[in-house]
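Only one structure is covered here, and it is reproduced in the block below.
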């Protein structure tokens, strides 16, 4: 079934479109909004060869053109990420919200991680807001990360310094925690060299990786360290915590 995409007529009055893009750029920009691979999450897989075939634009020219879209549309290892796309979806509609979550579940973890590192806002596109708030309430007692909205509001009124995010302190909490699960996530973040500027970025990432870390609880520290080292050497740029889980499970199955 054909999909329909509605383009706001103010598109042509947008300063970025008028002043930063030439006519061919605008054509390609519209293509990313309207091609048949698009979905309501604003993130989808699309090879350069298909873009070239459907638009008629030379394959060698496309990456150069896309550099002018940075900040609006990003091309990440064969995936299109349209920033702010979900803002124009009616997420109050349960069906639309479910549809977005279904599309997000199809995105590989390594692509999600790269999108999350682009800017502070993109994290909300990868992890539904209602899921964040639900899981955050369960996280407070274990990680000492305060994500209660009312508390945050109260703290901000009394002292903005108390609410300031300290990345090093949060990592130290994970590494010093009595929970092996939190230790594993802390070790993973350190090994990958991830940096987070605020809780909006950090908490959803932590919650997602806690699920994978729990699967490693049954292995001893020596096995986990060996799995980390192997994955780093085998897939230096692409390994994620789930990669470690799969490898260590397979290694133990063979033994």
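A short reminder: the numbers here are calculations on the coordinates, not readings from a lab. Small disclaimer: the values here were computed from a predicted structure and weren't measured. Note that each Cβ is placed from the backbone with ideal geometry, even for glycine, and that neighbours are counted across all protein chains shown.
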Query raised in the report: Using alpha-carbon positions, what is the distance between the centroids of region 203-255 and region 49-67, in Å?
Result: 37 Å
Query raised in the report: When the distances between all Cα atoms of region 160-255 are binned every 10 Å from zero, what whole-number percent does each bin get?
Result: 15, 48, 28, 8, 2, 0
Requested in this report: Starting from one equal scatterer on each C-alpha and no solvent at all, send me the Debye-based log10 I(q)/I(0) for region 9-107 at q = 0.12, 0.21, 0.23 Å⁻¹, two decimals.
Outcome: -0.41, -1.14, -1.29
Report task. Run the numbers on region 9-107 and let me know its relative contact order in percent, using alpha-carbon pairs under 8 Å that are six or more apart. Result -> 28 percent
Query raised in the report: With a 10 Å Cβ neighbour count serving as the proxy for reagent exposure, in which order, fewest first, do 188, 75 appear?
Result: 75, 188
Query raised in the report: What is the fewest-to-most order of 11, 202, 81 by other Cβ atoms lying within 10 Å of their Cβ?
Result: 11, 202, 81
Query raised in the report: For 12, 235, what ranking results if the residue with the fewest other Cβ atoms within 10 Å of its Cβ goes first?
Result: 12, 235
